[in-house]
Amino acid sequence: MTATAADLVDELARSGAGAEALTLAAVADRLGVKIPSLYKHVAGLPALQRGLMLRAKLSLGDAMRSAAVGRSGDDAVAAVAHAYRGWAAEHPGQYSFTWAAGDPADEANLEASERVLTLIVAMLGAYDLSGDDALDAIRFFRATLHGFVSLETGGGYGMPLDIDRSFERLVAATVAALRAWGRTA
């Protein structure tokens with residue numbers, strides 16, 4: 001059922017609706033069942049949304065991890081940035097479920113988030129960042145990618161300039177910033 005909801009939320013996003021347009025009624029309709037049948041599998045919309053959050057975080061993390069394999073430093077940053085953007089473009093509705101930190105008492109959420117964090121920490125290790133410098137750099141990296149991708153998936157780039165060109169410049173600037181990070185702290 002979560003896979004069906006994930007596909008549906010992506011379709012809703014492509015049609016201009018947000019993740020808030022996802023309803024149990026829409027999922028039940030897609031599955032060809034009545035709404036009460038869903039309660040055998042999920043305890044309601046919040047539980048379904050939690051499932052979507054976990055699925056999205058793990059899937060995005062897997063895409064980023066696959067891109068980073070065998071790479072380090074600048075090459076890893078560029079590959080992960082492209083994987084992040086590509087995943088978000090392919091899953092625009094699910095992408096919105098990756099933003100929230102989630103319940104800190106939810107072990108599955110912490111595990112999903114930790115997998116991505118561990119990857120980014122390892123990737124930033126090539127820049128000799130540690131402690132608070134590393135945490136600041138992680139926030140910078142995440143905010144930079146999230147800002148660009150959110151604007152792109154939300155239709156926020158209407159100017160007649162190639163978006164891919166802009167993204168390549170963003171990646172180059174991110175790499176340059178990370179190289180200089182330790183020196184400017």
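Taken over the range 151-185, the residue count meeting the criterion of being small (G, A, S) and either at pLDDT below 90 or in contact with a Leu (Cβ under 6 Å, 6 or more places away or on another chain) (or both) is 6. Total residues in the range 103-140 satisfying the condition of being out of contact with any helix residue (DSSP H, G or I) (no Cβ under 6 Å at 6 or more places or on another chain) and among the basic types (K, R): the figure is 1. Contact annotation: residue pairs with Cβ atoms under 7 Å, 6 or more positions apart or on different chains, pairing a residue in the range 156-175 that is of a type outside the set (A, V, I, L, M, F, W, C) with a partner that is open to solvent by 70 Å² or more (accessible area, probe 1.4 Å) and part of a helix (DSSP H, G or I), are Y157/L151. Across the range 94-122, which residue is least open to solvent (accessible area, probe 1.4 Å) among those that are of a type in the set (D, E) and under 22 Å from S66 (Cβ atoms)? My answer is E114. The residues of the range 28-48 that are closer than 27 Å to L151 by Cα and either buried (at least 18 other Cβ atoms within 10 Å of the Cβ) or modelled with pLDDT under 90 (or both) amount to a single one, L48. Can you find, within the range 123-161, the residue that is most open to solvent (accessible area, probe 1.4 Å) among those that are part of a helix (DSSP H, G or I) and among the acidic types (D, E)? Checked the range 123-161; the qualifying residue most open to solvent (accessible area, probe 1.4 Å) is D132.
For residues that are modelled with pLDDT of 95 or more and open to solvent by less than 10 Å² (accessible area, probe 1.4 Å), scanning just the range 62-93, find the one that is nearest to R14 (Cα to Cα). Out of the qualifying residues, it is A88.
W99 passes every criterion in (1) modelled with pLDDT of 95 or more; (2) touching a Ser or Thr at 6+ places or on another chain (Cβ under 9 Å); (3) under 22 Å from V171 (Cα atoms); (4) not hydroxyl-bearing (S, T, Y) apart from (1).
The values are calculated or read from the model by the stated rules, or taken from the named source; none is laboratory data. In this text the structure is predicted, and so the values were computed from the model without any measurement. Neighbour counts run over all protein chains shown; Cβ positions are idealised from the backbone, glycine included. All accessible areas refer to the heavy atoms of the entire protein, side chains included, with ligands and DNA or RNA removed. Shrake-Rupley method; radii C 1.70, N 1.55, O 1.52, S 1.80 Å.
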